[in-house]
Every structure is written in C-alpha cells, then in structure tokens.
Amino acid sequence: MRAASLFTEAAGLPLPAAAARFAAFGVPVFPCVPGGKRPLTGHGFHDASTDPAQVSAWWRRWPGANVAVPTGAASGLVVVDVDVHGPVDGRASFRRARDAGLVEGWELLVRTPTGGMHAYYPATPGIAQRSWQAGRAGVDFRGDGGYIIVPPSARPIDTATSGYRIVQVARDPGRELDAGRLRDFLDPRPPIRPRPVGGQSVGREDAERLARWLDRQDTDRNLKLFWASCRLAEGGVSFADALDAVLTAAKSDFGPREITATVRSAYRAVHPARHTTTSATQGASPAGAGWFDRRPSPARPAVPRRGL
C-alpha cells in the first residue's frame with residue numbers, strides 16, 4: 001500500500017482506530033498529549049510500536065491522544081516541515097526550493113493546524129538522514145531522530161480546534177529527497193572550526209550556551225537536542241563536554257538517560273567510526289524498507305529502541 005493511500009484512509013478514522021491502522025501496516029506509532037505534540041510515553045518516539053496490543057493499550061488509556069510517527073529509518077518516511085510562526089513564513093522558502101528543483105517527489109502534503117505544511121517523502125534506503133532545522137528559512141527536516149504528528153490528530157489554535165489535514169496527494173509514488181542539498185540551499189553556512197576557550201576543552205562555552213537554550217524549549221526538545229549535539233560534534237566539542245553541559249543545565253523532566261542517548265546518537269551520526277556501538281545497530285532495518293509495500297499483519301513486535 002502506498003503511503004498516500006494509508007494516510008488518506010487513516011485520516012477519516014477516530015484516533016484509536018487510526019493508530020491501530022498504521023500499526024497494522026507496519027508503521028510504528030506512539031501517543032502524544034491530546035491536542036499537543038509532547039509524547040505520553042516515557043521515552044518518546046523510542047517507544048513507538050507496531051504491536052497491536054501495545055497500541056490498543058495506549059489509546060484505551062488515552063483515547064484522545066494525538067498519533068505520532070517516528071521519521072527516518074524507523075518508519076521509512078521523511079518529512080519537510082514548513083513552519084508559519086509570526087514573522088517566519090517557511091512557505092516562501094519552500095517555493096524557492098521548489099523552483100530550484102530540490103523538493104520534487106513528495107507523495108503527500110498535509111496542512112498543519114498553524115497553517116504550515118508537511119511534505120512526505122520515502123526515506124533513502126541504507127542511508128542515515130539526520131533531522132535538522134533551518135530556522136531562518138522556516139523549514140525543518142524530520143528524519144532520523146525526529147517524529148511528526150499525523151492525521152487525524154488535531155491541536156487547539158486560538159478558540160478553535162484545527163486538525164492535520166491532507167490537502168494534496170501525488171498521482172505517482174514518492175521519490176527520495178536529497179536532504180543535504182536542501183539544507184545547504186536553505187541555510188548555507190561556512191564550516192565550523194574548533195577554537196580554544198580559556199583553559200577548558202574546545203567549545204565547552206558553546207556547549208553550555210546551547211544547553212541553556214535547550215532547557216527553555218517546551219516542545220520537540222529531543223529534536224532540538226539532537227540538532228544541537230550534531231553542531232557541537234561537527235565543531236570539535238568533545239562528547240564528554242557536550243554531555244556534561246547539557247546534563248548540568250537540563251531540568252529534571254528531561255531525563256539524563258534520554259539526554260545521554262540523544263547526545264551519543266548525534267555524535268555517532270557525525271563520527272560513525274568513533275561512536276559505533278553494537279546496541280545501536282542491532283535490530284535496525286534499512287530506511288524505507290517495505291514502507292510502500294507493507295501488508296496488514298495480525299501482530300508485529302515493538303520497534304527496537306535506538307538512540308536519536
């Protein structure tokens with residue numbers, strides 16, 4: 001079944017039935033707070049599952065929970081998230097990228113409650129596609145280490161409740177996206193160069209500043225932590241300094257186990273030869289494997305937990 005067909009079918013169902021439908025086709029899901037984007041499970045998208053018993057138990061407990069899907073290798077899909085917030089309007093950036101031929105091949109367009117858009121693409125098999133943010137352009141990329149809220153979920157906006165709505169379906173199957181080229185187009189930056197800071201390790205001051213910024217975030221803090229950790233890894237900040245800075249600044253509700261897994265995963269993604277571990281690869285499947293060809297099954301095991 002094509003992604004467009006599955007999402008279109010699920011969009012017309014109640015939330016518990018939609019979650020069950022995704023899981024039946026091998027798409028892992030997990031619950032988020034009703035009307036919001038914060039995970040209700042202890043480890044967020046690490047807990048995403050296709051096990052029908054687990055999915056049913058979650059939505060019996062939280063029947064109004066929004067449905068979330070991890071992006072990247074876990075589900076075989078990636079999403080370009082176009083934001084519209086205040087002075088930032090990512091629609092203009094998306095149009096520029098479209099005119100440059102960088103966002104062709106989407107299979108599904110979903111309008112978000114805030115007036116933005118999610119463009120769905122198949123993930124590239126066998127290649128890690130890390131999530132990133134181009135804040136000034138108003139565009140985020142949701143790949144490995146990210147997740148999205150999917151139809152028929154909804155959010156309260158002002159005095160009304162607005163849903164995630166499918167607005168366009170491509171006639172042809174989706175094509176893979178070159179997320180790296182898109183990022184370079186939207187957010188061109190010179191290479192980050194390590195620099196000494198006092199008597200401390202390289203970049204420790206930067207790590208502490210990012211940690212304080214992360215602690216002020218109310219939503220998507222896992223994604224922002226992953227993005228920030230990747231920047232620190234690229235800039236030559238040691239893993240120990242980055243982890244220590246974030247653990248020192250983080251509030252108690254942003255647990256040390258979750259922080260450690262996220263920072264480690266970011267450093268492993270940037271420097272795979274230095275940070276590869278057996279646990280990170282066990283049970284992993286190629287990105288996109290079977291996403292467009294999955295068939296319903298009576299039961300599937302939970303998705304293995306892996307770092308961001």
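Any residue in segment 98-108 that is open to solvent by 40 Å² or more (accessible area, probe 1.4 Å) and either in contact with a strand residue (DSSP E or B) (Cβ under 6 Å, 6 or more places away or on another chain) or at positive phi (or both)?
So in segment 98-108, the residues open to solvent by 40 Å² or more (accessible area, probe 1.4 Å) come out as 98-101, 104, 106.
Add one more test, that the residue is either in contact with a strand residue (DSSP E or B) (Cβ under 6 Å, 6 or more places away or on another chain) or at positive phi (or both), and what stays is 101, 106.
Within segment 98-108, one or more residues are open to solvent by 40 Å² or more (accessible area, probe 1.4 Å) and either in contact with a strand residue (DSSP E or B) (Cβ under 6 Å, 6 or more places away or on another chain) or at positive phi (or both).
Hey, does segment 35-52 have a residue that's surrounded by fewer than 16 Cβ atoms within 10 Å (Cβ to Cβ) and under 15 Å from the mean Cα position of the chain (by Cα)?
The answer is yes, given that some residue of segment 35-52 is surrounded by fewer than 16 Cβ atoms within 10 Å (Cβ to Cβ) and under 15 Å from the mean Cα position of the chain (by Cα).
Out of the residues in segment 120-140 that are among the hydrophobic types (A, V, I, L, M, F, W, C) and within 12 Å of Ala179 (Cβ to Cβ), which is surrounded by the most Cβ atoms within 10 Å (Cβ to Cβ)?
In the first step, residues of segment 120-140 are kept if they are among the hydrophobic types (A, V, I, L, M, F, W, C); the result is 123, 127-128, 132, 134, 137, 139.
Still in the running and within 12 Å of Ala179 (Cβ to Cβ): 123, 127-128, 132, 134, 139.
On the way: Ala123: 27, Ile127: 15, Ala128: 16, Trp132: 23, Ala134: 20, Val139: 30.
The selected residue is Val139.
Can you name every residue in segment 4-41 that is among the β-branched types (Val, Ile, Thr) and touching a residue at least 40 places away in the same chain (Cβ under 8 Å)?
Just the residues of segment 4-41 that are among the β-branched types (Val, Ile, Thr), to begin with: 8, 27, 29, 33, 41.
If the condition is that a residue be among the β-branched types (Val, Ile, Thr) and touching a residue at least 40 places away in the same chain (Cβ under 8 Å), then Thr8, Val27, Val29 are the ones that fit.
As an exercise: evaluate Ala160 against (1) open to solvent by 20 Å² or more (accessible area, probe 1.4 Å); (2) closer than 23 Å to Ser5 by Cα; (3) hydrophobic (A, V, I, L, M, F, W, C) and give the number of the one condition it does not meet.
Going through the list (1) open to solvent by 20 Å² or more (accessible area, probe 1.4 Å); (2) closer than 23 Å to Ser5 by Cα; (3) hydrophobic (A, V, I, L, M, F, W, C), Ala160 breaks only (2).
Which one of Val78, Val55 is more than 20 Å from Thr161 (Cα to Cα), in contact (Cβ under 8 Å) with a residue 24 or more places away in the chain and not in a helix (DSSP H, G or I)?
Values: Val55 fails: not in a helix (DSSP H, G or I).
Selected residue: Val78, the only one of Val78, Val55 that is more than 20 Å from Thr161 (Cα to Cα), in contact (Cβ under 8 Å) with a residue 24 or more places away in the chain and not in a helix (DSSP H, G or I).
Enumerate the pairs (first residue in segment 170-188 and in contact (Cβ under 8 Å) with a residue 12 or more places away in the chain; second residue anywhere and in a helix (DSSP H, G or I) and among the small types (Gly, Ala, Ser)) with beta-carbon separation below 7 Å, excluding pairs fewer than 6 apart on the same chain, so at least 6 apart or on different chains.
Pairs that qualify, where the first residue is in contact (Cβ under 8 Å) with a residue 12 or more places away in the chain and the partner is in a helix (DSSP H, G or I) and among the small types (Gly, Ala, Ser), are Ala170/Ala4; Gly174/Ala3; Leu182/Ala97; Phe185/Ala97; Leu186/Ser93; Leu186/Ala97; Leu186/Ala137; Asp187/Ala137.
When you look at Ile166, is it open to solvent by 10 Å² or more (accessible area, probe 1.4 Å) and under 18 Å from the mean Cα position of the chain (by Cα), yes or no?
On the way: open to solvent by 10 Å² or more (accessible area, probe 1.4 Å): yes; under 18 Å from the mean Cα position of the chain (by Cα): no.
In short, no.
The values are calculated or read from the model by the stated rules, or taken from the named source; none is laboratory data. Note that the structure is a prediction, hence the values are computed from the model and not measured. Every residue, glycine among them, receives a Cβ derived from its backbone with ideal geometry; neighbour counts consider all protein chains shown. Surface accessibility is based on the protein's heavy atoms, side chains included, excluding ligands, DNA and RNA. Shrake-Rupley method; radii C 1.70, N 1.55, O 1.52, S 1.80 Å.
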